[in-house]
Structures are given as C-alpha cells and as structure tokens.
Amino acid sequence: MIAVERTGSKLYVAKDNGADRVLSLDEAGLIRHNVTKVKLEDINENLQTLGRGEIVGRQVLVFE
C-alpha cells in the first residue's frame, strides 16, 4: 500500500504504514528541514558545491 498525505504545503508519500510514523515525527518537531535559497547569479558556484557533495538539505533557485 502507498500512503499519500498533504498537510499545508507539504506532501508526504510512503510505503506501508510508514507515512503515519513520518507525520507523527513531523508534528512532534523531530524532522528538520534545511532549505537554502540560491539566487540565479550564484547558481554556478552552488552547482559546483552540489557536485562536490557539500550540500546539506535542499537548495531552491529564486529569481529576485
């Protein structure tokens, strides 16, 4: 069975009953989200950092 649940702007997908566990961990504040905004003019430097495996979390490209 595949479980899918959307809460606010988050979408969770998990096999079996693991989705319940993930949602309960998130609600308890035990899941940390590390999102860094990257400006378009800095994309080359950040792609090199990604290539070296130095990225922790996610990077989001922003057009400001």
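The values are calculated or read from the model by the stated rules, or taken from the named source; none is laboratory data. Quick caveat, the model's predicted, so the values are computed rather than measured. Protein only, heavy atoms only, side chains kept; ligands, DNA and RNA dropped before computing areas. Shrake-Rupley method; radii C 1.70, N 1.55, O 1.52, S 1.80 Å.
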### Query
Once fully extended, how much extra length lies between LEU30 and ILE43, figured as 0.36 nm per residue of separation less the alpha-carbon to alpha-carbon distance?
1.6 nm
### Task
Tally up the carbon and sulfur contribution to the accessible surface of the range 21-64 as a whole percent, 1.4 Å probe, everything protein left in place.
51
### Query
How large is ³J(HN,Hα), in whole Hz, for each residue of the range 49-59 in order, when computed from phi with the Karplus curve 6.51 cos²θ - 1.76 cosθ + 1.60 and θ = phi - 60°, using x for Gly and Pro?
4, 4, x, 7, x, 9, 8, 10, x, 10, 10
